[in-house]
Structures are given as C-alpha cells and as structure tokens.
Amino acid sequence: MTISTLIPSRTDEYLDACLAAMEQSEPDSTANVIVADNGLSQACRERWPLALFLDYTEKCGAFVFSKAINLCIDAAPLTDDLLVLNDDTRIVTPHWYTKLRKALCLPKTALYGMLSFAIDGGVGNPEQPDHHVGEVGH
C-alpha cells in the first residue's frame, strides 16, 4: 500500500520544515509527496528531489485550497491512499509513514473513507493559534 501525501504550499520555510520532519521520522517518505506549488522558489523545489511539484498558479489561477488538493489528487496514482497536510505540519511520530500504512490496513479502519489523527504540538505557522488535543474538546 502506498500513501500519496498532498500538500499545498507557497512558503519555502514552512514546506522545508514539513518535509524535513517527514524525512527525519522516516527516510525517503517524501518520495510520495505531491505539492501544489503556489509560488515556491526553484531552490526549495531542488532541495526536495523526491517530491512531485505541480505549478498550481499556472493550472488554476488564484489560490483555493480545495482546487490545490484536487490538482494533487489528479496527479496521484489511482491505487494510492491519500493524506492531506498543510505545509506547516510537523511530523513528530517516529516511522510515521510505516505506522500510517499499518493503521490503514486494520479491519476497524478499513470501513472509513477518511481518518483524522490528532497531532499534538500545534502547527508551525505563527499566525495560527496553538491548540492541543485536550483544549479543543476532542
């Protein structure tokens, strides 16, 4: 089972931190990343040669999150499961990709079209509030 990770991004700093965290947790996990590029630098794209970068602005115009995700979905293999992340996500779970693949194979999760995982630690974007799982009523 392969999982395509879909990430819309326009900020080198956020995407670099997200992809670095993915790679630190599980080497080569960025090989299954598809980025809807909404203004990233060429240097950023070159730092992540395993990821697939799609030019969002050229194909879709003004940024709309759902259009960015749909652009990524269109590029993902039809057999892949899909994981949508914001570019300011930080992966802190060791071997996250392997654990997610195993979770998706469990009979109790096979019945769901979407899984939502609570991620402790908040987001990397300083413009968004930091909510921890216990603070938002989960």
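Summary table
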{"item": "Whichever lysines have a C-alpha closer than 21 Å to that of Lys108, once near sequence neighbours (fewer than 8 apart) are set aside", "result": "Lys99"}
{"item": "Shape of the range 2-45, Cα gyration tensor, a/c cut at 1.5", "result": "oblate"}
{"item": "Accessible area of the range 1-89 belonging to carbon and sulfur atoms, whole % at 1.4 Å probe", "result": "52"}
{"item": "Cα gyration tensor shape of the range 1-114, rounded if a/c is under 1.5, else prolate or oblate by comparing a/b with b/c", "result": "oblate"}
{"item": "Length gained when the stretch Glu46-Cys60 is fully extended (0.36 nm per residue, less Cα-Cα span)", "result": "2.8 nm"}
{"item": "Length gained when the stretch Thr2-Ala20 is fully extended (0.36 nm per residue, less Cα-Cα span)", "result": "4.5 nm"}
{"item": "Global geometry of the range 31-78, whether rounded, prolate or oblate, following the gyration tensor of its Cα atoms and the 1.5 cut on a/c", "result": "oblate"}
{"item": "Surface per residue (accessible, 1.4 Å probe) for the range 1-82, Å²", "result": "50"}
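The values are calculated or read from the model by the stated rules, or taken from the named source; none is laboratory data. Predicted model only: the values in this text are computed from it and were never measured. Each accessible area value is taken on the protein alone, full model and side chains, heavy atoms only, with ligands, DNA and RNA left out. Shrake-Rupley method; radii C 1.70, N 1.55, O 1.52, S 1.80 Å.
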